[in-house]
Amino acid sequence: MSANDNQKTVPNALPDGYRFNEFEIKEVIGGGGFGIVYRAWDHQLERTIAIKEYMPVSLALRNADLSLELRGERFQKLFNAGLSSFIQEARLLARFNHPGLLHVLRFWEENGTAYMGTLYYSGMTLKEWQITSPDSISEAWIRRLLPPLLGAISTIHQAGYLHRDISLDNIQIQENQLPVLLDFGSARKEIGNLSDETEIMLKPGFAPIEQYSEEGEVEQGPWTDIYALGAVLHSLITHNPPPVSVVRCIEDNYQPLVERKPEGYSLSLLHAIDCALAMKPGDRPQSVDAFAALLDLPVSDVEAVVNSLKLAAEPHPAAEEPEQPVEPVAPLVMAVNHGASTVEPVTPRNVRRLSPGLLSVAAVALLAVAVVVWLVNQRSDEPAVASAPAASSAPSSTSSVAAVPLALATVYLKLAAGDNVVLNGQPLEVKPGSSGFAALNLGAGEYRIEVHSGSVTHAQSLTIDKPGTWLINPGN
């Protein structure tokens with residue numbers, strides 16, 4: 001769909017070229033009944049970002065001066081409630097630094113509404129993926145998808161919040177295959193709550209029975225999101241969501257997957273999904289860890305991130321022998337294009353707090369991820385960037401590496417003052433920024449990066465075959 005098509009199908013969108021100071025809107029990339037998402041260019045930091053606008057079309061319309069105007073005085077309370085939820089979401093999301101959750105850059109109020117600036121990412125939702133690439137979905141594919149997704153959901157739960165809107169169209173698959181949780185729809189749900197319109201709040205098949213109950217009647221908790229995740233997996237495997245939970249209350253015609261035995265899927269995976277879709281909240285796994293245990297999967301790759309950072313920081317015994325270059329541990333791959341999402345807090349009455357020990361572990365892991373994401377997102381303190389061509393079998397005869405377009409990955413390299421960098425045998429003119437990191441833009445191929453620190457040489461071999469951001473530290 002072109003930008004012009006988007007303009008036609010998303011009413012009341014801001015025009016291309018509209019400016020919010022340094023941000024220039026380039027095109028509409030999505031929209032619904034409660035908001036519009038734009039692709040924009042940040043002229044100050046020279047990068048693409050996404051901007052989400054609070055725009056409930058049933059309550060407001062766009063004036064000639066591009067500000068919003070209510071469709072009637074009676075909508076003021078609903079509009080303000082949704083606006084407040086939208087702003088609270090942005091504030092809350094700014095606290096999270098998980099690769100599977102939105103990284104909010106900033107938010108502001110203008111034109112009688114509010115905006116959220118986030119990292120921009122490409123890819124497609126699980127719903128679109130299922131339509132366009134159904135043959136690629138298998139148990140192996142699902143098991144690769146789950147650990148980072150479980151980690152993102154666990155991060156929300158550890159902070160005392162629930163998502164409450166997990167579905168096929170709220171999970172984005174980036175081009176590097178890492179999943180991102182999208183819109184939590186807090187503004188939509190707040191408006192639905194006040195207007196008693198449950199149908200705009202919940203997605204049939206994905207919402208458990210406790211979400212249809214009166215507030216406080218049935219306790220919500222991590223098991224609420226686990227039901228929705230089970231419905232997502234059920235949909236991926238059978239191409240249909242499970243029966244609507246309110247219908248199951250009257251006559252439960254859910255057929256367990258372990259009885260249906262869809263071809264190509266193990267009983268352990270099918271059993272875990274059946275458990276997640278239990279009608280009674282107490283019969284479901286009570287935490288992400290418990291659900292992951294049924295699947296024999298790690299909760300997330302956060303622990304691996306922490307361990308990689310520790311290993312990279314340990315001096316290698318061969319570092320004292322300059323004539324033998326060191327091959328450090330494999331580099332760390334991080335996702336930096338996070339999806340647009342919002343979260344809805346759980347009241348203290350409904351939150352089941354986790355043990356202090358688990359919270360301490362989560363705090364350490366989140367801190368480590370926050371440091372890595374901070375390093376790769378600090379464009380205001382941008383490290384020096386060098387572009388290099390895709391690797392080839394024949395080295396260039398020139399004394400330096402020339403810039404070539406179509407870089408596939410960005411490699412952040414820890415350097416000290418005076419260090420010299422050699423890429424595939426060719427010296428690079430690259431210096432660290434004040435953060436201590438330099439950035440190399442590399443195409444697909446095999447690379448050997450050497451860092452010469454006086455008489456000591458450290459080396460790192462890389463294989464780049466997909467888009468991503470890499471963080472390496474051969475100097476330690």
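The values are calculated or read from the model by the stated rules, or taken from the named source; none is laboratory data. Here the structure is a predicted model, which is why all the values come from computation and not from measurement. Cβ atoms come from the backbone with ideal geometry, glycine included; neighbour counts cover every protein chain shown.
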Original post:
Across the range 22-38, which residue is surrounded by the fewest Cβ atoms within 10 Å (Cβ to Cβ) among those that are in contact (Cβ under 8 Å) with a residue 60 or more places away in the chain and in contact with a strand residue (DSSP E or B) (Cβ under 7 Å, 6 or more places away or on another chain)?
Top reply: Phe23
Original post:
Given the residues Ser266, Ser287, which is the only one that is over 30 Å from Asp135 (Cα atoms) and among the polar types (S, T, N, Q)?
Top reply: Ser287
Subject >> Matching residues in the range 73-92 - criterion: being of a type in the set (D, E, K, R) and crowded, with 16+ Cβ neighbours inside 10 Å >> reply: Glu89
**OP:** Name every residue in the range 114-146 that is touching a residue at least 24 places away in the same chain (Cβ under 8 Å) and among the aliphatic types (A, V, I, L, M), in order of residue number.
**Re:** Ala114, Met116, Leu119, Met124, Leu126, Ile137, Ile142, Leu145, Leu146
Original post:
Taking the condition surrounded by fewer than 17 Cβ atoms within 10 Å (Cβ to Cβ), over 17 Å from Asn170 (Cβ atoms) and outside the structural domain of His163 (by TED's automatic domain parsing), does Glu139 pass?
Top reply: no
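Results for (1) in contact with a His (Cβ under 7 Å, 6 or more places away or on another chain); (2) modelled with pLDDT of 80 or more; (3) aromatic (Phe, Trp, Tyr), shown as yes or no for each residue.
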| position | (1), (2), (3) |
| --- | --- |
| Ala386 | no, no, no |
| Ser393 | no, no, no |
| Ser396 | no, no, no |
| Ser399 | no, no, no |
| Val451 | yes, yes, no |
| Thr463 | no, yes, no |
**OP:** Filter the range 9-21 down to the residues that are surrounded by 15 or more Cβ atoms within 10 Å (Cβ to Cβ) and either among the polar types (S, T, N, Q) or touching a Gly at 6+ places or on another chain (Cβ under 6 Å) (or both), then identify the one that is farthest from Asp65 (Cα to Cα).
**Re:** Val10
**OP:** Could you please tell me which pairs satisfy a Cβ distance under 7 Å, a separation of 6+ or placement on different chains, a first residue in the range 77-97 that is assigned by TED's automatic domain parsing to the domain that holds Gly112, and a second residue that is of a type in the set (Asp, Glu)?
**Re:** Ala81/Glu190; Gly82/Glu190; Ser85/Glu190
Subject >> Residues of the range 108-150 satisfying the condition of being at pLDDT 90 or above, among the aromatic types (Phe, Trp, Tyr) and in contact with a Ser or Thr (Cβ under 9 Å, 6 or more places away or on another chain) >> reply: Trp129
**OP:** Pick out the one residue from Leu471, Leu413 that is in a strand (DSSP E or B), more than 26 Å from Gly123 (Cβ to Cβ), modelled with pLDDT under 80 and among the aliphatic types (A, V, I, L, M).
**Re:** Leu413
Original post:
Any idea which residue in the range 52-72 is surrounded by the most Cβ atoms within 10 Å (Cβ to Cβ), counting only those that are closer than 15 Å to Pro11 by Cα and small (Gly, Ala, Ser)?
Top reply: Ala60
Original post:
Does the range 120-128 contain any residue that is part of a loop (DSSP other than H, G, I, E, B) and hydrophobic (A, V, I, L, M, F, W, C)?
Top reply: no
**OP:** Filter the range 245-303 down to residues that are under 20 Å from Ser213 (Cα atoms) and in a helix (DSSP H, G or I), then give me how many there are.
**Re:** 10
Original post:
Just to be sure, is Ile153 touching a helix residue (DSSP H, G or I) at 6+ places or on another chain (Cβ under 6 Å) and either under 20 Å from Pro285 (Cβ atoms) or at pLDDT 90 or above (or both)?
Top reply: yes
Original post:
Does Glu46 qualify as being acidic (Asp, Glu), at pLDDT 90 or above and under 30 Å from the mean Cα position of the chain (by Cα)?
Top reply: yes
Original post:
How many of the residues making up the range 185-234 are at pLDDT below 60 and either part of a loop (DSSP other than H, G, I, E, B) or not β-branched (Val, Ile, Thr) (or both)?
Top reply: 14
Subject >> In the range 54-72, the residues that are part of a strand (DSSP E or B) and either over 27 Å from the mean Cα position of the chain (by Cα) or under 14 Å from Asp16 (Cα atoms) (or both) >> reply: Ala60, Leu61, Arg62, Leu68, Glu69, Leu70
